[in-house]
Each structure stands twice: as C-alpha cells, then as structure tokens.
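Down below is the structure, laid out as structure tokens.
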Amino acid sequence: MNPVVDKVAKWREEDKKVAMATVVKVERSGPLGPGTSMAVSEDGQVAGSVSGGCVEPAVYEEAMEAIESGRPKLLTYGISDDEAFGVGLTCGGIVHIFVERVDW
Amino acid sequence: MVVSILERWHAALVGQSPVAIATVIQGPGTGGKVLVSPEDHVGSAGNEDLDRAIIEGARAMLEGGKTGTAHYGPRGQRRMEDVAVFIQSFAPPPKMYVFGAIDFASAVARIGKFMGYRVTVCDARAVFATRDRFPSADEIVVAWPDEFLKTAEVDKRTVICVLTHDPKFDVPVLKAALETPAGYIGAMGSRRTHDNRTARLKEEGITDEELARISSPVGLDIGSRTPEETAVAIAGEIIAQRTGHSGGRLAERSGPIHAQEPDTATSPDARDAERSAAEAAVRER
C-alpha cells in the first residue's frame, strides 16, 4: 500500500482540502525517483517526502498555495550554489515537482 | 454515485491490482488526470483524441511497470511536444519465492517483505513450514518445491531463493526455476555444495548459459555469518542484479550514485571503463 495515497484518501474522506506534490523528473543525482510524492492537508498535516529534506519546506508552501488557488504548478529545484539560504539540493541534482490540488 | 479517480486509485492499491495515473504537467490542459487500468479508464486530459493516446501509452507503461513522462500534440499526435504527460505505474508488488524453511529462510523472508516483495515460503516438510516460524511471510506452502514452482506465478520481477542446500530438493527446483522468466535465481550452499550441485545440474542437461543465471553461492561477498547478515548479502545481490551494479563500495568509486534509468542502468564498472577509455583517447590526441 502506498502510504501517501492512503493518507490523501483518508483526508478527503474527512472533507479536508489536500494538495499532492509529485517528483516527475530528476536530473543528475537525486535522492528520490520520479513518482515519489508528498501530500499536504489544509490543516497542515504532511505525508511522504520529495527529497532528502532539502526542498520540503518550500514545497509545503507551494502545496498550501495550490490548496487555496486550485492552480497546478510545475516547480524546478536545483543546486543552492551561492544563495546561502536559497532552496535547493546539496547533492547537485535538479528535481522537477508537480504540485496540484486533489479535486479529482 | 460517481467514483472519483482518487477512490479508484486507492482501491486499486489496496486490492493490489495494476493501475496507471496519467497527469498533464505541461501544456494545454495542465492538471488533467486520467486513471488507466488494463480494462477501463476514469477522467480526461481534455479531449478524446488526447485521452486515447494517453490511455494507449499508459497501458504500455503499466505492463512494464514503468513511470515517466510522455509527450503528445494537443490532440494526442505523436512526435509532438506540446503536452507533457507524467505517467505513473502502480504494479502489484513483485514476488519472492523462498524454498527451504530454515532459519536463513526466515531472515530472507523478512528482508524480502522489507524490500516490498510478496513473499512465499515453500518446503516439503510440514513441521518446518509453519506460520510460527515465518510470521512475516505472505504465504506458507507445504509442497515439493519443484512441483509448487511449476504452478506458481513468475514474471521478470520475480525473485527465487533456493536455500534448501540439499541436492535432492535443490536440483529439481532449480531446473524448474530455469524454465521461468524470473529476474533472480539464487542458490545457497558452501563451495562444496555448489560444486556438487553444479555437477548434478550439468548431468541433468543444464547448459553453462543456463547455469550462469543462477547466483550460486548466493549473495554478495560481505563476510556474512548469521542468517540476518546472510539475508542482507542476498538482498544486496538481488538489487545489484536488477540494476546492473556490481556491489562494491561507493567510497572506492567515482561517478554518479543513482543511474538515470534505475532498471536499465549502466553499471559502475562499465562507467569506469568508459571513462578510462575516454581519458585514454584524450591522452592519445
């Protein structure tokens, strides 16, 4: 059983708004492959992850925004070179993440 | 009541039936979603032509258990890039068959479950093949291993571990295993058991090419002693065999850790060889 889909189904049954973020492409090195997903509920619960913890906080914010707006979004995160506090992956990879509200 | 894509998806995962989820991630209709099963589909990506192309593509990917992005024209045309569709396959868990209900089998069954396999333990001896001894196995079968394997479901993702190390059981079950498309066939035993077993298999008409499919003695060379350590060595070999990696230490290698195509990866050895060849070519110039 996929624990993320399980959680999403449960939250939707409770009539909570939910967004899902799914890794759709990984370039160079990356910890988790395409298909890995993270779900966020409107009351701030999180299931699953999309990286080794590097981009989850940013994806969480995007997911919350998608819950509000209903607009899907394709995000790209790369290396966090010179921006000391920027969002990125320390492993040198680039991940593409699709964020969408679960209204299907 | 209309069943949503989410409900169908969840039910398929719970019931372990194959399903693919196709999502338009770029281009017109972004956010469109189609659930595709071998029999039917739910949802739409925007228009019937595009749906038809996506359903066909998703079924092909589902059959191979593949996940990735496909591109189409706005009305499903091939060789066009307007619409990017992410297709995710959810195939039922691969199967692991463990023969020989010994302590090593218990550890292998546990690590098999940990890796996501559906584990079946089989032994002809009813006193050993018990639920008490194999609490983590999905199924425990009391039968002659070769007879059971001939009726069992085996595909390319299937793992077969023969741990009986008794030629009386080993030889027939390995012969039966070689007739399947199993992705991994491992046989436990000392060097002496291995030599004896190999000789018997050859006597039975097994060719060298067929013998090469059997990982024997089973496992990576990590100095395992206990059943648990041995199970780790076997698990490591199962993964390495699937990905085409050799199982050495990453600390002693260079190059990327993850391959781009996990299941059709170039092995680190091949990569190292390619790199040295390229460096040699540069030096010659």
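The values are calculated or read from the model by the stated rules, or taken from the named source; none is laboratory data. Because the structure is predicted, anything quoted here is derived from the model rather than measured. Heads up, the Cβs are rebuilt from the backbone with ideal geometry, glycines too, and the neighbour counts pull from every protein chain shown.
For the reader, a short list of remarks on this structure follows.
- Only residues that are facing chain B (nearest Cβ under 10 Å) and not in a loop (DSSP other than H, G, I, E, B) were counted in the range A:12-35, giving 10.
- Candidates are the residues of the range B:27-62 that are away from chain A (no Cβ under 14 Å) and buried (at least 23 other Cβ atoms within 10 Å of the Cβ); the one that is nearest to A:K25 (Cα to Cα) is B:I54.
- The listed residue being buried (at least 18 other Cβ atoms within 10 Å of the Cβ), assigned to a loop (DSSP other than H, G, I, E, B), at pLDDT below 95 and not aromatic (F, W, Y), out of B:G65, B:G76: B:G76
- Flag if A:D15 is touching a residue at least 24 places away in the same chain (Cβ under 8 Å), out of contact with any Leu (no Cβ under 9 Å at 6 or more places or on another chain) and over 21 Å from B:V85 (Cα atoms): no
- Pick from the range A:33-58, criterion in contact (Cβ under 8 Å) with a residue 40 or more places away in the chain and under 26 Å from B:P256 (Cα atoms), ranking: surrounded by the fewest Cβ atoms within 10 Å (Cβ to Cβ): A:G48
- Of all the residues in the range B:17-62, those that are within 11 Å of B:V85 (Cα to Cα) and part of a strand (DSSP E or B) number 8.
- B:I87 under 20 Å from the mean Cα position of the chain (by Cα) and within 11 Å of another protein chain (Cβ to nearest Cβ): yes
- Taken together, B:V108, B:V24, B:V119, B:V98 contain a single residue that is within 14 Å of chain A (Cβ to nearest Cβ) and either free of Cβ contacts under 8 Å to residues at least 40 places away in the same chain or surrounded by 15 or more Cβ atoms within 10 Å (Cβ to Cβ) (or both), which is B:V24.
- Candidate set from the range B:207-225 (those that are free of Cβ contacts under 8 Å to residues at least 12 places away in the same chain and either β-branched (V, I, T) or surrounded by 12 or more Cβ atoms within 10 Å (Cβ to Cβ) (or both)); member that is nearest to B:L163 (Cα to Cα): B:S224
- Being in the same structural domain as B:L201 (by TED's automatic domain parsing), at pLDDT below 95 and of a type in the set (S, T, N, Q) is a property that B:T120 lacks.
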